[in-house]
Amino acid sequence: MNDKLPIKIMVNQAIEMNFIDHQTTVKTVLNELKIDNGSMAVAVNNDIIPKQDWEQCVLNDGDNVNVFGAIAGG
Amino acid sequence: MNSSVNKLRDNEFNRYSRQIMLNDWGEEGQLRLKNSRVVIVGCGGLGSVVASYLAGCGIGQLSLIDGDDVELSNLPRQLSFDMDSVGLNKSDELMQRLYAQNDDIDITVNPDQLDKFNIDELLTGNDLVLDCTDNFDTRLLINQWCVMNVVPLMSASVIGWQGQLLLVDKPAEHGCYECLFGGLSDQKANAQQSCSTMGINPAMVGVVGSYQANQALRYLLKLPTPLSNKIALVDGMTMAVNLLNRQANSQCDVCSSIKSSLIT
Ligand SMILES: [Zn+2]
């Protein structure tokens, strides 16, 4: 595909994000959303990505990203 | 120890007839349940829903753990309790309700908070641990104990309009609770994600507790459950259930401590 076109990422089936940089990673998305990395979990296209891989995990156009935190209520 | 039972009595065939008639349940499945031991940690919203189904379905031995007393603010969602229960211990109250529902099963009650001193005594010997607690410290403790002692753990949690469910039974392949959320113990700010601080829609404990009971029954019946390699995110606003694939995390403190203890 055309390198000049932004890539489109969908976050939690609700937020559409566009990135010019084709080396956008999971970490970039979290930073952009100002999400504290603390105890969050992230899945790309339904696969959970371990925290230590977030900086290396490059996203592709059309990827679905799920970001969620642990909840404790019972 | 108790020997396993290999025949159902007439009144059991009658009581459980509607589930026994299911193709993948049958008398064999019912006997599996009768010979199962399950511990429920936390007898609040989730725990009372799960316990009612498991007791109703004929799980042979149930143990209930909760050191809390029933409060007025529990009554909208903790349907096993009524106004007379306020001020009384949750696990005791729940046991009485369950025996009224089914006196064919054995129920053990531990009206104490689970902690690192009593966890060996309270969890050992069970086929499945159900985490229905309301705080991260206990959740992390249970996860660590279950991984170290190779006891399957089905963990459920709710807050607001959201729920989460997972089964930790093959941590080396699919990871544990800590693999998923890593470093929770360091996140004191996150220790506040409970019903008392964040609020909860009462019906969500019914939704998520029912899913937990449903998948726990499948696990005990030795039927496939997606939760052994997935986490289910349940959204009560949209009715969406997202199943996300889990994997072991090479940097998980809990899983790596098991590995190192195996090596030494
Ligand atoms: Zn782990």
Pick from the stretch B:179-195 the residues that are modelled with pLDDT of 80 or more and under 24 Å from B:Gly45 (Cβ atoms): which of them is farthest from the ligand (Cβ to nearest atom)? B:Phe181
Just to be sure I understand the filter: pairs with C-beta atoms under 6 Å, separated by 6 or more residues or on different chains, first member in the stretch B:17-42 and part of a strand (DSSP E or B), second member modelled with pLDDT under 95. Which pairs pass? none
Just to be sure before I move on: is B:Leu244 outside any loop (DSSP other than H, G, I, E, B) and closer than 30 Å to B:Gln30 by Cα in the structure I sent? no
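Only one of B:Gln30, B:Gln61 is surrounded by fewer than 24 Cβ atoms within 10 Å (Cβ to Cβ), touching a strand residue (DSSP E or B) at 6+ places or on another chain (Cβ under 6 Å) and more than 22 Å from B:Asn201 (Cβ to Cβ); which?
Working: B:Gln30 fails: touching a strand residue (DSSP E or B) at 6+ places or on another chain (Cβ under 6 Å).
Of B:Gln30, B:Gln61, the one residue that is surrounded by fewer than 24 Cβ atoms within 10 Å (Cβ to Cβ), touching a strand residue (DSSP E or B) at 6+ places or on another chain (Cβ under 6 Å) and more than 22 Å from B:Asn201 (Cβ to Cβ) is B:Gln61.
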Name the single residue that is farthest from the other protein chains (Cβ to nearest Cβ) among those in the stretch B:123-144 being farther than 15 Å from B:Gln113 by Cα and within 14 Å of the ligand (Cβ to nearest atom). B:Gln144
For the subset of the stretch B:165-178 comprising residues that are among the hydrophobic types (A, V, I, L, M, F, W, C) and either within 12 Å of the ligand (Cβ to nearest atom) or at pLDDT below 75 (or both), which member is surrounded by the fewest Cβ atoms within 10 Å (Cβ to Cβ)? B:Ala172
Specify the residue that is farthest from B:Glu27 (Cα to Cα); the eligible residues are those in the stretch B:213-240 that are within 12 Å of chain A (Cβ to nearest Cβ) and of a type in the set (A, V, I, L, M, F, W, C). B:Met237
Selection status of B:Leu114, under 29 Å from B:Arg9 (Cβ atoms) and under 16 Å from the mean Cα position of the chain (by Cα): no
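Closer than 20 Å to B:Asn229 by Cβ, touching a Lys or Arg at 6+ places or on another chain (Cβ under 9 Å) and either surrounded by fewer than 18 Cβ atoms within 10 Å (Cβ to Cβ) or among the aliphatic types (A, V, I, L, M) (or both): is that true of A:Ile20 in this structure? Give the steps one after another, and end with the answer.
Details: closer than 20 Å to B:Asn229 by Cβ: no; touching a Lys or Arg at 6+ places or on another chain (Cβ under 9 Å): yes; either surrounded by fewer than 18 Cβ atoms within 10 Å (Cβ to Cβ) or among the aliphatic types (A, V, I, L, M) (or both): yes.
Against the criterion (closer than 20 Å to B:Asn229 by Cβ, touching a Lys or Arg at 6+ places or on another chain (Cβ under 9 Å) and either surrounded by fewer than 18 Cβ atoms within 10 Å (Cβ to Cβ) or among the aliphatic types (A, V, I, L, M) (or both)), A:Ile20 does not qualify.
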State yes or no: is A:Phe68 of a type in the set (Phe, Trp, Tyr) and farther than 17 Å from B:Leu180 by Cα? no
Among the residues of the stretch B:228-241, which ones are touching a helix residue (DSSP H, G or I) at 6+ places or on another chain (Cβ under 6 Å) and either part of a strand (DSSP E or B) or within 16 Å of the ligand (Cβ to nearest atom) (or both)? B:Asn229, B:Val234
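The values are calculated or read from the model by the stated rules, or taken from the named source; none is laboratory data. Please read these numbers as outputs of a predicted model, since none were measured by experiment. Ideal geometry is used to build each Cβ from the backbone, glycine not excepted, and the neighbour counts take in all protein chains shown.
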